[in-house]
Amino acid sequence: MEGLQRTSLWSSGLWGVIAVVIMVVWVARENIAEDTATDRGPFKSIIDAASADERALVETLLTESYGVLRSPAFTRNLLSLGDHYPVIYARPDKQDATVADLAREVALEPFGSRYAPAMVQIVGRQAGPDPMRYHASAGEGVGFGRYAEMTFGRLLLDQFRSTDLVERSCAVNATAHEYAHTITLTPIGFRNAFTDTRVNQSQIPDRRYPGTPIASYLIGAVAQCTWLQDKGRIDASDFGACVEVFGVSAFSGPRCTAFAQGQAVTPRPGLPRMPPPL
């Protein structure tokens, strides 16, 4: 009678499972280390810039917007709004977030969270009618969530070229908003920290608390007004009013040019109407 067949770690196949686990842990560790480094760049690549000057402008916009999000001033200003916005839509499974929740996730405090390095594409004509000039989007990119994709229409660059600081700040708002969509809560794969509408959606589906602020829009507005405060265009006392002007559940592009004569960046009669909440 033959004895029981003996198996070893190597012949059982268990070693393969262990090797995969070790590899996954190593990749996750490398992703976190690279993507959360204090000296990491604000993007991975820029695609389809029309010239060296345009590429330099895009780099500046990305650098300044990302820098605002990672600044203590942004965190401080966001936290100051807690009483104004007690319930915020962050993503489908987090519809009752607080500003403290947002601040933690933008600052990458949850273990494993990171800004996925963004591959940024510029689209739309330089001038003239073209719906892609108005386009802005971001989300999961190549590499099974290793990278993010961001797409910007050239209207955003026109805004950032403006001599009017408020109009320029709208480009910061849009860019920070899209950066929020590149934050993933996992070191491998892509689990959005902040979501809103997808292509061809006019509203966020299945909202439990309709009309409450949307995290990505609130983040954009806080970044915009923090940037204006840093430039000396608004005072700290007007910060909350500035955020209200540009919206926390939708964005009003026509308001970007409504302060060109140096008016206070606060709500006033006659401003272009806000679109309905998403």
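Shape analysis of segment 232-278 places it in the oblate category; the axes a ≥ b ≥ c from the Cα gyration tensor give an a/c of at least 1.5, with a/b not above b/c. The heavy atoms of Lys94 offer some 60 square angstrom of accessible surface to a 1.4 angstrom probe. Accessible surface ranking for His84, His177, His135, 1.4 angstrom probe, highest first: His84, His135, His177. Within the chain, no Cys is without another Cys Cβ under 4.7 Å of its Cβ, so every one has a disulfide-compatible partner by this rule. Summarising the amide proton neighbourhood of Val120: residues at separation of 5 or more, or on other chains, whose placed amide H is nearer than 5 Å comprise Lys44, Ser45, Ile46, Ile47, Met150.
Need one word for the chain: rounded, prolate or oblate. Basis is the Cα gyration tensor (sqrt eigenvalues a ≥ b ≥ c); a/c below 1.5 gives rounded, then a/b vs b/c decides. It is prolate, given that a/c is not under 1.5 and a/b is the larger ratio. With all protein chains in place and ligands, DNA and RNA left out, the 1.4 Å accessible area ranks Glu109, Glu178 as Glu109, Glu178, largest first. In this rough spin-label picture, where each label sits 7 Å from Cα along the Cβ direction, the Ile47-Asp164 distance is 3.3 nm. A 1.4 Å probe run over the protein chains yields, for the chain, 51 Å² of accessible area per residue, whole-number rounding. The order of Phe259, Phe111 by accessible area, most exposed first and with a 1.4 Å probe, is Phe111, Phe259. Could you please state how large a percent of the accessible area of the chain is carbon and sulfur, counting protein chains only and using a 1.4 Å probe? It is 56 percent, rounded to a whole number.
Arg268 contributes about 90 Å² of solvent-accessible surface, heavy atoms of the protein only, 1.4 Å probe. Shape class for segment 107-184, computed from the alpha carbon gyration tensor (a ≥ b ≥ c): oblate, with a/c not under 1.5 and a/b at or below b/c. Counting only alpha carbon atoms, the long axis of helix 165-180 and the longest principal axis of the chain meet at about 20°.
Extending 7 Å from Cα along the Cβ direction at Arg55 and again at Ala236 yields two label points whose distance is 4.1 nm.
By how many degrees, between 0 and 90 and to the nearest 10, does the Cα long axis of helix 14-35 differ from the longest principal axis of the chain? Once rounded, the angle reads 20 degrees. Annotation: Ser202 carries an accessible surface of approximately 90 Å², with a 1.4 Å probe and no ligand, DNA or RNA atoms counted. Of Gln201, Gln95, Gln229, the residue with the greatest mean-square motion in the GNM of the chain, using alpha carbon springs below 10 Å, is Gln201.
The values are calculated or read from the model by the stated rules, or taken from the named source; none is laboratory data. Quick caveat, the model's predicted, so the values are computed rather than measured. Reconstructed Cβ throughout: ideal geometry from the backbone, glycine too, with neighbour counts over all protein chains shown. Heavy atoms of the whole protein, side chains included, go into the accessibility calculation; ligands, DNA and RNA do not. Shrake-Rupley method; radii C 1.70, N 1.55, O 1.52, S 1.80 Å.
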